[in-house]
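Structure first, commentary second.
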Amino acid sequence: MKTTRRRFLGSTAAAGAAFAAPPPQGAAPPLNSAEIARRHSLVRTQPTPNFFEGLLLGNGDIGVCVTVRPDAMGIHIGKNDVWDIRVSEEHAAHIKPFREVLDLWKRAGEEAKRRGQPEMTFLESHIDFFREYSELMQSSYRKPWPRPWPCGTIWLHWDPRMVRVLRQDLDISAGVLTVRLEYDNLRGEVRPIRLECFVSRENGHISVTSDSPAPILSAVYQPNWDAAAKLPEPEIHAQDVSFSGYQYFPATAPTDAQPNPPKTKDDRNFAIYGVFAGRWTAGSAEPRHILLEPAEFQPLRLDVALFTPRDVADNVAHARAEAERLAAVPVADLRSQSAAEWARFWSASSVEFEDRELEEIWYRNQYFLACCLKPGKVAPGLFGNWSSGKIGTAWHGDYHMNYNTQQVWWGVFSSNHAEQHEPYTGLVESLMPMAEWNARVQFGLPGAYFPHSAYPVPSTVNPYPAPPWGYEICETPWTVQSLWWQYRYTLDLRYLERVYPILRAAAEFLVAFVQKGEDGKYHIVPTVSPENWGATVDFRLNRDCIIDLALTAFVLDAVLEGSRTLDLDAGQRARWQEVRENLAPYPAGEGPYGRVWLDVRDAPFEYVYNVPVTLAPVFPGEQAGLGSAPELLDVARRTTRTIRLEGGNDLVWQPLARARLAMLDLDWFKREVLYCMTPLGIANDRVRQSGGRYSDGTDFDFMMRMGVWTENLSLPAVLNECLLQSYDGVIRLFPNTIHLGKARFRDLRAAGAFLVSASWDGKTVSDIVLKSEKGSPARVVNPWPSRKASVREARSGNDVACNERQGILEFPTAAGASYTVR
């Protein structure tokens, strides 16, 4: 049966009040996000013994991956602030000032020319003396530490002759996993058993229960152990109905001269404590695990508490006290409290798509993000808070500041979850001492230069000051970009006061680093395109990287507006403005398909890039889009249409840029996501083509089993940009509808501190409501170009004066008021 708009809007009546009768004029569309999320539960109908087949739980701090073997359930536990925090700092004494690095670079170029290879790229790898310095600067990074440290695994064993795994259901609306078993006692009795597992949304608590006596043979707590890590042994204990684990993390790395460093005030640890209900007997504690056995056939209840000193000073005593306290609370109450917090999270915004695959992408990834992001907690690294053994430790599981880290937060503002950005703000603040040292000591310049890699550890030594990637200039403006986004989308002046010094420091470095050329333009030389070319002879491919230029423009625009808003630094504005207005043009040329952008000046056409670097003026630079001049928009679209990408680093970035240009085919987008999908239900990084860094001999799946790539959890950002765009201060409703289908949304956030709701029936926009949080003027593209639009204040129904200029509706708003547009 063909779905009509009437049928679509009424199709979920059974799921609650999501699609009741049309709301009163001015009311937000009645979408119930939690109800819609529930229909996108993750389901398994077979055992899932492997970590990458498991089901993910979390509360924004603690992460759990539950695997179910034919003979046991495994609860793999991680936490955002549980790290082996040691950083080897031997390289620090050998970090050369930038001018000396440039001397090495220039000498390496001369050596390449002497060899008759003036086209040589990656000088730092091919010229011995340059390679030796680069390797010395990477020596710290080549250690096995620092890294996320798993908090261990709890195994609940049963007899597979008697127990059959039937089904697993993860309800993402409440974060509850239900495992359905069938128990056969081999004497004629067959009955169902249900296990439930959840992580309490607002506490460091993991709950596992059964609905009836469960045939559990034993429970094992197995702490993580890696002899190569050279960490102290984990301390584990068991008695009667409880067990405990403790892992100590020294802050000082061992050296040949000091293999066992003394304790310091910066050392850290984690403590875990578990309590079983009923009668249990503790077995002997082996060096690598604890065994407990039930004394009788009984219902299962396990309450686990996990804390670090960052949560509470005496985390060891607190973990025990909390586990014992929570074990005395009815589990139904704990589950209800956690579900209420999840409902509060889901209430912030809502979307519905006629295309259920698109809807699934939005809701499941919102759930996964909420599992690993929470205000007041540590920002997740590359692989979030889900780990087991060495899963989640590639590249130290660190913060990569050339897109991986930033991408996690690309959709939190438009999704109306600005609170999820708080851990990133804290991360950037923690990096400021290092960034200021880099600028002052390494470069001899003012401001702050942010590192290529970073960790949530006490050390403030730049862990990777190695050429070439340690000299990607784009990483400084990129690191601070989302600080400005949070202000733009919330207009929170207190937040702006907090982060403005960081924005200013980045701007100060950038305007000091640029060089004015004979053409009167400010050039960025030398620099390094993100993981392309390396160091080249005479800076041949190290000039005016397009992403450096686009993000420098973004940050200068931001600091200028921030300065005026706070009435600060008036004396610096002229310099900032001069550089901003005279930045070098984007590198471009006439390729086989016409004029396109390049990553650096003189770069070859048709290169296979690792990231969509040539799309930087569109995103993340936000210097080109639907409001741009036709000739700029033409180049942007041609570049986007013809870019060659190897895959593995563009699953969000490329389609987001396409959506910004109203050229994203959502059927293509779904296929790309499906290509990268894992049994976990998350999309990981997967290679798409050879010809760039990869060859036919490359394992295209080599990144797929490294861990949970948190960067791709930002996929909702792509869909948000199809529904609503506002980055330039102009609200555009449903700007990208290629194979979108019917859709509607409630309370997506727009720049200017607006919450916006609207519907799309496949042809026409309707049900437009704007809630103004701060009373800023509204600018909305008229979604009915051939018709006059009117605006009314929702509560009073009074008309609001509205001007239309070049298709853009402009009208004043009052803080706290809502407006309808029709």
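Compute the distance from the alpha-carbon center of region 516-580 to that of region 174-203, in whole Å. Measuring centre to centre over Cα atoms gives 57 Å.
Full extension from Ala228 to Glu286: what is 0.36 nm times the residue separation minus their Cα-Cα distance, to one decimal in nm?
18.9 nm
One chain, two ends: His94 and Thr255. Fully extended at 0.36 nm per residue, the span grows by 56.3 nm beyond their Cα-Cα distance.
Electrostatic bookkeeping for Glu110 treats Lys and Arg as +1 and Asp and Glu as -1; over the other residues with beta carbon under 14 Å from its beta carbon, the sum is +2. Each principal axis of region 536-667 carries a Cα extent, and these read 46, 42, 29 Å when sorted largest first.
Per 0.36 nm of contour for each residue apart, how much would the distance between Arg638 and Ala570 grow if the chain were fully extended, relative to their Cα-Cα spacing?
20.5 nm
Net charge around Tyr399, counting only other residues with Cβ within less than 12 Å of its Cβ (Lys, Arg = +1; Asp, Glu = -1)?
It works out to a net charge of -3.
On the beta carbon distance between Asp333 and Gln117, with R0 = 56 Å, the FRET formula returns roughly 0.20. Using alpha-carbon positions, what is the distance between the centroids of region 67-107 and region 717-759, in Å? A separation of 38 Å, based on Cα centres. Sorting 350-360, 587-597, 635-645 by their mean Cβ neighbour count within 10 Å, with the most densely packed peptide first, gives 350-360, 635-645, 587-597. Taking 30 Å as the limit for the C-alpha separation, the pairs Lys263/Lys390; Lys230/Lys377; Lys79/Lys771; Lys96/Lys516 exceed it in the case of Lys79/Lys771. Distance from the alpha carbon centroid of region 226-304 to that of region 800-817 works out to 61 angstrom. Given R0 = 25 Å, the distance between the Cβ atoms of Leu674 and Glu590 translates into a calculated FRET efficiency of 0.10. The protection proxy used here, the mean number of other Cβ atoms lying within 10 Å of each residue, ranks peptides 386-394, 246-254 as follows, highest first: 386-394, 246-254. Overall shape: oblate for region 337-390, with the ratio a/c of the largest to smallest alpha carbon gyration tensor axis at 1.5 or above and b/c at least equal to a/b. Peptide packing for 602-608, 72-78 was compared via the average number of neighbouring C-beta atoms within 10 Å per residue; ordered from the highest value, the list is 72-78, 602-608.
Beyond 45 Å, the tail of the calculated P(r) for the chain holds 28 percent of the Cα pairs. Among the trypsin sites (Lys or Arg not before Pro) within region 181-261, those in coil by DSSP and having at most 13 neighbouring Cβ atoms inside 10 Å are Arg187.
Taking Cβ atoms as reference points and 12 Å as the exclusive limit, the residues near Pro287 contribute a net charge of -2, counting Lys and Arg as +1 and Asp and Glu as -1.
Global dimensions of region 261-406 from alpha-carbon coordinates: Rg and Dmax equal 19.8, 61 Å.
As an exercise, identify the trypsin sites (Lys or Arg not before Pro) in region 237-298 lying in DSSP coil whose Cβ has no more than 15 other Cβ atoms within 10 Å.
Hits after loop and neighbour filter: Lys263, Lys265, Arg279, Arg288.
Restriction of the trypsin sites (Lys or Arg not before Pro) in region 60-148 to DSSP coil positions whose beta-carbon has at most 14 other beta-carbons within 10 angstrom yields Arg115, Arg142.
In this label model, Ala801 and Arg161 are separated by 8.7 nm, measuring between points 7 Å along each Cα→Cβ vector. Between the amide H of Ala253 and those of Val87, distances stay under 5 Å, these residues lying 5 or more places away or on another chain, with hydrogens modeled in the peptide plane.
Dividing the helix sum by the residues of the chain, where each DSSP H run of 4 or more adds -39500 (n - 2.57), gives a mean residue ellipticity at 222 nm of -8500 deg cm²/dmol.
Rule-based calculations on the coordinates, nothing more; no lab input. Every value quoted in this text rests on a predicted model; they were computed, and no experiment measured them. Cβ: placed from backbone, ideal geometry, glycine included. Neighbour counts: every protein chain shown.
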